[in-house]
Amino acid sequence: QFNKVEMIVRIYPKVAAWNKQKMGILVQRIDHFLEAQKWQDSYLTGIDIMVNEIKKLIEENFYLATLLSLLFVFIIVLLHQRSLLKTLLSFFPLVSGIIWMLGVLKLSGRNITLYNFMATPMIIGIGIDHGIHLLDRFIAGGTGDIAETIIHTGKAITLTTITTVFGFSSLFIGHFEGFISLGFTSILGVVFCWFCALFYFPSFLKLIHGHLGSLGMERTK
């Protein structure tokens, strides 16, 4: 009459819950044990299991979301610049800033989490403006005077960066670690995009100024 038995087994590990590395190893061992037993309809669940699965999804979706954001922004900038090389030049400060941001996050021991993961698509939308405005101003000037470009457009870029940083700084007021991480990552990305736009990008434009014709960029008189 009773040919099926259902049981709920609770496990109380000695490993501290905050030790995510050891908890991840424990979860993997239990998963392997259940697979070896070949029990039908056996499930492993709990807060730690969910956190571990969410972490995997975040790592997978982080790259997808970043690539999609870059793709959509690239198409929009390409429609504006009407030139592939101009579009690639516009991305110089943005890509450099994101590389710096990810490098500092790695060196500081901060991993990509559910919260700071959302910062990267936002930074892509914010940081791309620097390259577009600086390049357009430099080409419109037609004289190759990079100092004029920095004085006029650089001032506006700096002001918008400061206001953006103050906006994200408000996230530090809360006590929730996720919001603090989001604010820290966003500020890093915005500041590094600004730094690369005003210090690296103008030098690069000055370097290639003599080859603007070969790059397919006409200087406006």
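The values are calculated or read from the model by the stated rules, or taken from the named source; none is laboratory data. Everything numeric here is computed off the predicted structure, so don't read it as measured data. Note that each Cβ is placed from the backbone with ideal geometry, even for glycine, and that neighbours are counted across all protein chains shown. Heavy atoms of the whole protein, side chains included, go into the accessibility calculation; ligands, DNA and RNA do not. Shrake-Rupley method; radii C 1.70, N 1.55, O 1.52, S 1.80 Å.
Restricting region 1-22 to residues that are modelled with pLDDT under 70 and either touching a His at 6+ places or on another chain (Cβ under 8 Å) or closer than 15 Å to residue 49 by Cα (or both), which is surrounded by the most Cβ atoms within 10 Å (Cβ to Cβ)? Checked region 1-22; the qualifying residue surrounded by the most Cβ atoms within 10 Å (Cβ to Cβ) is 20.
Yes/no matrix, rows are residues, columns are (1) modelled with pLDDT of 90 or more; (2) open to solvent by less than 20 Å² (accessible area, probe 1.4 Å); (3) farther than 21 Å from residue 108 by Cβ:
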| residue | (1), (2), (3) |
| --- | --- |
| 150 | no, no, yes |
| 154 | no, yes, yes |
| 160 | yes, no, yes |
| 177 | no, no, no |
| 191 | yes, no, no |
| 202 | no, yes, yes |
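Being open to solvent by less than 100 Å² (accessible area, probe 1.4 Å) and either modelled with pLDDT of 70 or more or not in a loop (DSSP other than H, G, I, E, B) (or both): is that true of residue 50 here? So residue 50 fails the test.
The residue of region 81-107 that is nearest to the chain's Cα centre (by Cα), among those that are farther than 20 Å from residue 204 by Cβ and assigned to a helix (DSSP H, G or I), is 102.
For region 129-148, taking the residues that are open to solvent by 30 Å² or more (accessible area, probe 1.4 Å) and not in a helix (DSSP H, G or I), the one that is modelled with the lowest pLDDT is identified as 143. Residue check: is residue 58 over 19 Å from residue 191 (Cα atoms) and open to solvent by 60 Å² or more (accessible area, probe 1.4 Å)? Against the criterion (over 19 Å from residue 191 (Cα atoms) and open to solvent by 60 Å² or more (accessible area, probe 1.4 Å)), residue 58 does not qualify.
Listed here are the residues, each with its yes/no results for (1) of a type outside the set (A, V, I, L, M); (2) at pLDDT 75 or above; (3) over 23 Å from residue 194 (Cα atoms); (4) in contact with a Cys (Cβ under 6 Å, 6 or more places away or on another chain).
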position: 59; (1), (2), (3), (4): yes, no, yes, no
position: 75; (1), (2), (3), (4): no, yes, no, no
position: 82; (1), (2), (3), (4): yes, yes, yes, no
position: 91; (1), (2), (3), (4): yes, yes, no, no
position: 105; (1), (2), (3), (4): no, yes, no, no
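Restricting 181, 170 to residues that are among the hydroxyl-bearing types (Ser, Thr, Tyr) and touching a residue at least 60 places away in the same chain (Cβ under 8 Å) narrows the list to 181.
Using the structure shown, decide if residue 110 is more than 24 Å from residue 83 (Cα to Cα), touching a residue at least 12 places away in the same chain (Cβ under 8 Å) and among the basic types (Lys, Arg).
Here the answer is yes, as residue 110 does meet what is asked.
A count restricted to region 150-164 and to residues that are under 11 Å from residue 129 (Cα atoms) and touching a residue at least 40 places away in the same chain (Cβ under 8 Å) stands at 1. From the list 169, 181, the lone residue that is within 14 Å of residue 119 (Cβ to Cβ) and open to solvent by less than 30 Å² (accessible area, probe 1.4 Å) is 181. Residues in region 108-122 that are closer than 20 Å to residue 177 by Cβ, under 11 Å from the mean Cα position of the chain (by Cα) and either assigned to a helix (DSSP H, G or I) or at pLDDT 75 or above (or both): 6 in all.
Inside region 69-97, residues that are under 24 Å from residue 191 (Cβ atoms) and in contact (Cβ under 8 Å) with a residue 40 or more places away in the chain make up a count of 12.
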